[in-house]
Amino acid sequence: MKNLFFVLGIMLFSLNACEESSLRKEYNVQDFSSDHASQSWDSTSTANKLIGSWQWVYTESCVEGNLTGEGKTSEEFIVEIRSTEIRIYRQDEFVESTGWSLEIEDGSYFGINTQSGIHQLRGRILFSGDRILFQNSYLDGTDNYFIKYLVED
């Protein structure tokens, strides 16, 4: 049991690879990690949860634990994930389509492998309600947060 708490402690520490900031209260890796861990995820449930349209809302970059950039995104960037393809829209204009698959990203986490590298989709996938975090800060990369995008008729 001690080993389990030790491993969980190390995982939580590694999930928070970036210093604290004001926007991080709204977009918090620990909250995503807790919410994500409260459910059991396999490749089928992860793929099913990904299906839909997602709007990029926040990004954060850290290098060696130091915040190097963050902010709510001003660009309208929509990712429409279908069963075999991802469609990208910027400012309501279709930009590209690419194939995708799930892969093991880091131990028990899943990540998306795309045929064309979409940098906003790199890293571990963590779900929290109607939000997704593509967490790449554990590799000193960029974390990208998305919310479910509802298409108006």
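Derivation of every value follows stated rules applied to the coordinates shown; laboratory data play no part. Here the structure is a predicted model, which is why all the values come from computation and not from measurement. Virtual Cβ from ideal backbone geometry, glycine too; neighbours counted across all protein chains shown.
Quick rundown of the values:
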{"read-out": "Ascending count of other beta-carbon atoms within 10 Å, so fewest first, for 119, 36", "value": "119, 36"}
{"read-out": "Gained length - residue 48 relative to residue 30, 0.36 nm times residue gap less alpha-carbon distance", "value": "4.2 nm"}
{"read-out": "Within the range 22-148: Cβ-based charge dipole about Cα centre, in debye rounded to nearest 20 (Lys, Arg +1; Asp, Glu -1)", "value": "200"}
{"read-out": "Proximal charge balance of residue 136 [Cβ under 13 Å; K/R count +1, D/E count -1]", "value": "-3"}
{"read-out": "Exposure proxy order (Cβ contacts within 10 Å, fewest to most) of 31, 143, 92, 130", "value": "92, 130, 31, 143"}
{"read-out": "Net length gained if the chain between residue 113 and residue 82 were fully extended (0.36 nm per residue, minus Cα distance)", "value": "9.8 nm"}
{"read-out": "Summed residue charge, Cβ within 12 Å of residue 91's Cβ, Lys/Arg positive, Asp/Glu negative", "value": "-3"}
{"read-out": "FRET efficiency for residue 104 and residue 147, using Cβ-Cβ distance with R0 set to 35 Å, rounded to 0.05", "value": "0.85"}
{"read-out": "Order of 142, 98 - criterion: other Cβ atoms within 10 Å of each residue's Cβ, fewest first", "value": "98, 142"}
